[in-house]
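K.L.:
Take this structure, written in structure tokens, and hold onto it; I'll ask about it next.
The values are calculated or read from the model by the stated rules, or taken from the named source; none is laboratory data. Since the structure is predicted, the reported quantities are computational estimates derived from the model, not experimental observations. Glycine gets a Cβ as well: all are built from the backbone with ideal geometry, and neighbour counts include every protein chain shown. Keep in mind that these areas ignore ligands, DNA and RNA; they rest on the heavy atoms of the full protein, side chains included. Shrake-Rupley method; radii C 1.70, N 1.55, O 1.52, S 1.80 Å.
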Amino acid sequence: MAPDNKYGLLLANPVMTASGTFGYGTEYSHMFDIQKLGAIVCKGTTLEPRDGNPQPRLAETACGLLNSIGLQNIGVKAVIKEKAPVWASWRVPVIVNIAGETIEDYAQLAGELDGIAGISGIEVNISCPNVNAGGAEFGANPHSAAAVTAAVRAATSLPVLVKLTPNTSDIVKVAMAVAEAGADAISLINTLKGMAIDITTRRPLLGNITGGLSGPAIKPVALYMVYEVARAVKIPVVGCGGITTTGDAIEFIMAGASAIQVGSVSFTNPSAPLDVIEGIKQFMKQENVEDIDDLIGAARHQKFASGGRGNGAN
Ligand SMILES: Cc1cc2nc3c(=O)[nH]c(=O)nc-3n(C[C@H](O)[C@H](O)[C@H](O)COP(=O)(O)O)c2cc1C
């Protein structure tokens, strides 16, 4: 995040793990040197522990994964008591992803996490239903997205990343509202709504009927949204969605992301985030690029890449 921002968070490298795909980091510490990561974003955290949605909660699709975990997590008190002391001994910064049902929930979560050793930032998951607005996602419209952001900003001195949902009609407007409301950075995208049906039982495959789609299937959508958001806001953008290879990560950086998150691929290859770090280093060497800033938004600096009319299709 911008070094001149008083809430800034400086990363050793631009590769983070995406929330919900890397647990609390502790689960992976015996597998490889997780201290080499740029940052770890932990599982979505709520005020109270949650059991999550009915099984089954995962379904594989062509080039993607559907999940309806339902924010199963240990709750903020256990995060502070059991996880933060471990994180405090790590070099890699840990960002806590938070989720709420009301604006007050988010503010309370941010307040409780403020000043806790081992917690370097907050990522606000606004893909959650607002119980006071008929269950519409906070992130679906600019007003509720800004209200959550402002409440979190007021409750903490930690860096605040706001994570956008793609399930909205105008993600750029939401991004601009969130930036205006005091976010230090924006991460995007969360999962796209989807479903799958078992044709033998004639029933939806997921216990929750619908779920969120992630993985390579969503990469072009995520990349497009990062490209659009990065040119509309001045704060740093963290790209996420289907990043599986070094090439994917570099595409997001060239679209304007200052950092990226590796998500679903960690389920099949837990060391994928480290492979991407190494890959970026190699790419920079090959291309004689000394400063990653020279790659950020590079695709926007080309003569014919600044716009595009309509949706470009047909
Ligand atoms: C099983 C699973 C659980 C997730 N849990 C969360 C979560 O708790 N909070 C959140 O903001 N995003 C969550 N996500 C979304 C991911 O962080 C990420 O935004 C999304 O999966 C797209 O990236 P990917 O295609 O690389 O997985 C989850 C994704 C998956 C697959």
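K.L.:
What are the chymotrypsin sites (Phe, Trp or Tyr not before Pro) within region 66-114 that DSSP puts in a loop, where the Cβ has at most 12 other Cβ atoms within 10 Å?
P.N.:
Numbers: sites: 87, 90, 106; in loops: 90.
Filter output for region 66-114: empty list.
K.L.:
Check each of the trypsin sites (Lys or Arg not before Pro) in region 45-94 and keep only those in coil by DSSP with at most 13 other C-beta atoms within 10 angstrom; list them in order.
P.N.:
Those that pass, being in a loop and sparsely packed, are 91.
K.L.:
Once you have the Cα-Cα distance between residue 29 and residue 132, take 0.36 nm times their residue separation minus that, and quote the gain in nm to one decimal. Show your work: numbers first, answer last.
P.N.:
Numbers: separation 103, 0.36 × 103 = 37.08 nm, distance 3.96 nm.
Result: 33.1 nm gained on full extension.
K.L.:
Over region 1-146, average the accessible area per residue using a 1.4 Å probe and give it in Å², no decimals.
P.N.:
44
K.L.:
Then there's this: Expressed in nm to one decimal, what extension gain is obtained for the pair residue 12 and residue 63 from 0.36 nm per residue of sequence separation less their Cα-Cα distance?
P.N.:
Numbers: separation 51, 0.36 × 51 = 18.36 nm, distance 3.09 nm.
This chain segment gains 15.3 nm when fully extended.
K.L.:
Could you tell me what percent of the accessible area of the chain is made up of carbon and sulfur, with a 1.4 Å probe and every protein chain present? It would help to have the intermediate numbers written out before the result.
P.N.:
Numbers: 7770 of 14430 Å².
For the chain, the apolar C and S fraction of the accessible surface comes to 54 percent.
K.L.:
Here's another thing I want to ask about it. What value, in deg cm²/dmol to 500, does the helix sum -39500 (n - 2.57) over DSSP H runs of n ≥ 4 give at 222 nm once divided by the residues of the chain?
P.N.:
On the way: 8 runs with 80 residues, N = 314.
Theoretical 222 nm ellipticity from helices: -7500 deg cm²/dmol.
K.L.:
Count neighbours as other Cβ atoms within 10 Å of each site's Cβ, and list the trypsin sites (Lys or Arg not before Pro) in region 112-204 that are DSSP loop with at most 13 such neighbours.
P.N.:
On the way: sites: 153, 163, 173, 193, 202; in loops: 202.
The qualifying sites are 202.
K.L.:
Helices from the chain with mean Kyte-Doolittle at least -1.0 and a Cα length along the axis of 18 Å or more, per DSSP H: which?
P.N.:
142-155, 272-286
K.L.:
Could you give log10 I(q)/I(0) at q = 0.19, 0.27, 0.28 Å⁻¹ for region 117-167, computed by the Debye formula over C-alpha point scatterers of equal weight, without solvent?
P.N.:
-0.62, -1.02, -1.07
K.L.:
Then there is this: Taking every alpha carbon pair in region 1-121, what does the distance histogram look like in 10 angstrom bins from 0, in percent?
P.N.:
Histogram of Cα-Cα distances, whole percents per bin: 12, 40, 35, 12, 1.
K.L.:
Expressed as a rounded percentage, what relative contact order does the chain have, with Cα pairs under 8 Å and six or more residues apart?
P.N.:
On the way: 714 pairs, mean separation 53.5, N = 314.
Relative contact order comes out at 17 percent.
K.L.:
Apply the Kirkwood formula to region 93-240: the hydrodynamic radius equals the inverse of the mean of 1/r over all pairs of different alpha-carbon atoms; give it in Å with one decimal.
P.N.:
Numbers: mean 1/r = 0.0632 Å⁻¹.
Value: 15.8 Å, from the Cα pair sum.
K.L.:
Quick check of the Kirkwood formula: for the chain, what is the inverse mean of 1/r over all pairs of different Cα atoms, in Å?
P.N.:
Final number for the Kirkwood radius of the chain is 19.6 Å.
K.L.:
Could you work out which residue, out of 291, 248, 275, moves most in a Gaussian network model of the chain, that is, has the largest mean-square fluctuation with Cα springs under 10 Å?
P.N.:
Answer for the Gaussian network model of the chain: 291.
K.L.:
Working out 0.36 nm times the residue gap between residue 88 and residue 104, then minus their Cα-Cα distance, what length gain in nm do you get to one decimal?
P.N.:
On the way: separation 16, 0.36 × 16 = 5.76 nm, distance 2.72 nm.
Gain on stretching residue 88 to residue 104: 3.0 nm.
K.L.:
Which FRET efficiency, nearest 0.05, do residue 170 and residue 300 yield, Cβ-Cβ r, R0 22 Å?
P.N.:
Details: r = 20 Å, r/R0 = 0.89.
So the FRET efficiency works out to roughly 0.65.
K.L.:
Follow-up. Just to be sure I understand the curve: with the Debye formula and one point per C-alpha of region 187-314, what is log10 I(q)/I(0) at q = 0.10, 0.19, 0.20, 0.23 Å⁻¹?
P.N.:
Taking Cα atoms of region 187-314 as identical point scatterers yields -0.39, -1.07, -1.14, -1.34.
K.L.:
In the structure displayed, which of 36/83; 163/285; 173/234; 83/173; 193/234 lie more than 24 Å apart, Cα to Cα?
P.N.:
Where the Cα-Cα span goes over 24 Å, the pairs concerned are 163/285; 83/173; 193/234.
K.L.:
With the contact rule set at Cα under 8 Å and sequence spacing of 6 or more, what percent relative contact order holds for region 51-208?
P.N.:
Details: 293 pairs, mean separation 35.7, N = 158.
Averaging sequence separation for qualifying contacts and normalising by length gives 23 percent for region 51-208.
K.L.:
For the chain, set up a Gaussian network in which alpha carbons nearer than 10 Å are linked by springs, and say which option among 89, 157, 144 fluctuates the most.
P.N.:
Of the options given, 89 has the highest mean-square fluctuation.
K.L.:
Which percent, to the nearest 5, of DSSP beta bridges fully inside the chain are antiparallel? Show your work: numbers first, answer last.
P.N.:
Values: 14 of 39 bridges.
Taking every DSSP beta bridge within the chain, about 35 percent pair in antiparallel fashion.
K.L.:
Rg to Rh ratio, region 22-61, alpha-carbon atoms and Kirkwood radius? It would help to have the intermediate numbers written out before the result.
P.N.:
Details: Rg = 13.7 Å, Rh = 12.8 Å.
The Rg/Rh ratio comes out at 1.07.
K.L.:
Among 210, 149, 200, which one shows the highest mean-square fluctuation when the chain is modelled as a Gaussian network with alpha-carbon springs under 10 Å?
P.N.:
It is 200.
K.L.:
Under 18 Å from a point 7 Å along the Cα-to-Cβ line of residue 221: which residues of region 142-179 have their amide N that close?
P.N.:
Inside the label zone: 163-175.
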